Every structure is written in structure tokens, then in C-alpha cells.
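The block underneath contains the structure these notes are about, expressed in C-alpha cells.
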Amino acid sequence: MLGNQARNKMKPIKSLAFYEQWHKYRLETEWLQRSVTQVLGSSLSDDAKANIMRYKDGPDGWAARGQALHDVVEKFLQGEQLVFPERWTDWVDPLIECELFENCEVIATEYRLCDQRKSLGGSFDFLIKHRNGKIVLGDVKTVSSQSAARRRKPAEEQLGAYAAMLCDHHPALPIDKCVTVISAPNECKVIEQSVDQCLESWVDSWDKYQFMLEKW
């Protein structure tokens with residue numbers, strides 16, 4: 001459920017729980033109808049969805065890789081011992097050596113958020129204070145190769161959703177920029193974007209989602 005939230009410097013949102021086995025959020029007694037991932041995934045074509053599912057499962061699939069590397073980032077930022085399958089070493093080494101994380105101050109990792117008006121839940125990967133003093137909201141994406149890293153687009157809509165919900169629940173906390181950290185074998189790539197750009201992309205995605213619901 002709430003899991004690691006006790007280690008975060010930000011207080012968790014009261015009465016918000018996440019049930020990983022169902023990937024569902026509940027606020028007090030209300031089950032939230034959707035997650036950020038579900039909203040953004042609804043716009044994918046059937047072919048794109050099929051292609052994603054084709055490489056999901058198995059010990060080397062993207063689901064296992066993503067879970068392992070997200071766990072690494074969280075444990076690394078929280079100062080815990082890193083334990084991961086050896087097959088992911090080529091991804092882990094450049095990830096934990098990323099300049100973004102050097103001498104940073106960790107504000108929160110895997111933090112649960114919600115928008116009750118939208119009946120929406122989501123969890124961001126990390127919020128840190130960079131050594132230059134900037135507050136950085138980030139999302140980690142993993143890919144199978146360096147060529148895939150070059151093609152990988154930033155997670156701007158996703159980051160925009162988190163930024164919007166953070167503004168609702170923690171309005172006194174300024175976010176200076178958003179970053180997508182792309183983890184590939186022997187490479188870690190960071191794409192920076194403005195908070196405003198990410199917010200605009202999220203609003204566009206939400207509007208498209210609402211329009212699609214109306215068509216149904």
C-alpha cells in the first residue's frame with residue numbers, strides 16, 4: 001500500500017493508498033477511476049499496444065527491467081543497499097553515476113498523488129533538490145539499447161500530470177524543471193523540460209482523453 005512513503009520528507013497525502021497488485025488508488029473510501037498511466041495509454045493505437053505487450057514479459061522483458069531499475073533509483077536516492085539481478089548491471093552503473101543525482105537532496109521518491117476532481121491517481125519517481133539549488137521533478141524510463149535511447153521521447157505529459165497534482169497538494173513547493181531520465185545499457189540520458197511545457201502537454205492529453213470518453 002503506502003510502502004516507502006514514511007521515508008519521504010514530504011508528508012503523504014492523507015488517506016491516499018496505492019494497491020500495487022491491482023495498480024489502483026483509493027482516497028479515503030473512494031476508489032479512483034483512473035491512473036495517469038491509463039489516461040496516457042488510452043491514446044495508443046491497437047498496433048502500438050500490441051507491440052508494447054509483445055516485449056513485456058519474461059526475465060528480460062521491459063516490465064522486469066523497469067521494475068528493477070526503478071527499485072535501484074529509489075534505493076540509491078534513499079541511501080539503501082542496492083540489490084538487483086546481474087543482467088541489469090550495464091543499465092545500473094551509468095544510472096547511479098548520473099550527474100543529476102550527484103550531491104542532491106532527496107525530497108521524495110515514489111510519491112503518491114491524486115486529483116479527486118478527475119478521480120485520478122499517480123506516482124512520480126523522484127523529486128530532488130539539485131546541487132545547484134533547483135527543485136527537479138523526474139521520471140525514469142528504461143530502454144533496451146542506446147539506439148532506443150536516442151529515439152525515446154521525454155515523458156512530458158506524465159510529468160505535467162504530476163506537476164499539476166503537486167501544485168494542488170503542495171502549492172508552496174516550487175518546481176524549477178522536469179526531467180526524463182532514460183536508462184539504457186552503458187548510457188544514461190537526461191532530457192530537461194520546463195514545467196509549463198509539461199503542464200500544457202498534460203492538459204492537451206487530458207482534453208483528448210475526455211473527448212474520447214464522450215465519443216464512447
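The values are calculated or read from the model by the stated rules, or taken from the named source; none is laboratory data. Values in this document were obtained by computation on a predicted structure and should not be read as measured data. Reconstructed Cβ throughout: ideal geometry from the backbone, glycine too, with neighbour counts over all protein chains shown. Each accessible area value is taken on the protein alone, full model and side chains, heavy atoms only, with ligands, DNA and RNA left out. Shrake-Rupley method; radii C 1.70, N 1.55, O 1.52, S 1.80 Å.
Can you give the % of DSSP beta bridges in the chain that are antiparallel, to the nearest 5? Within the chain, antiparallel bridges account for around 75 percent of the total. Highest mobility in the GNM of the chain, judged by mean-square fluctuation with C-alpha springs under 10 Å and restricted to PRO171, PRO185, PRO94, is found for PRO171. For GluC sites (Glu not before Pro), the sites in the range 58-97 that DSSP calls loop and that have at most 14 other Cβ atoms within 10 Å are GLU80, GLU97.
A run of the chain free of exposed loop cleavage sites, with trypsin sites (Lys or Arg not before Pro) counted only in DSSP states other than H, G, I, E and B and at most 14 other beta carbons within 10 Å, reaches its longest extent at 135-216. Using the alpha-carbon positions of the range 7-79, Rg (one decimal) and Dmax (whole number) come out as 15.6, 42 Å. Return the subset of LYS24/LYS75; LYS14/LYS189; LYS56/LYS141; LYS75/LYS129; LYS14/LYS141 for which the Cα-Cα distance in this structure is over 26 Å, preserving the input order. Distance filter (> 26 Å) returns LYS14/LYS189; LYS14/LYS141. Normalised per residue, the accessible area of the range 73-188 is 43 Å², obtained with a 1.4 Å probe and no contribution from ligands, DNA or RNA. Applying the criteria of a DSSP loop state and at most 11 other Cβ atoms within 10 Å to the GluC sites (Glu not before Pro) of the range 5-43 yields GLU20, GLU28. Dipole check for the range 1-149: with +1 at the C-beta of Lys and Arg, -1 at the C-beta of Asp and Glu, and the Cα centre as origin, the magnitude is about 700 Debye.
Taking the Kirkwood radius as the inverse of the mean 1/r across Cα pairs, report the Rg/Rh of the range 19-137. Computed over Cα atoms, the ratio is 1.01. The calculated pair-distance distribution of the chain uses every alpha carbon pair, bins of 10 angstrom beginning at 0, and gives 8, 33, 40, 18, 2 percent. Computed with a 1.4 Å probe on the full set of protein chains, the accessible area for ASP71 sits at about 50 Å².
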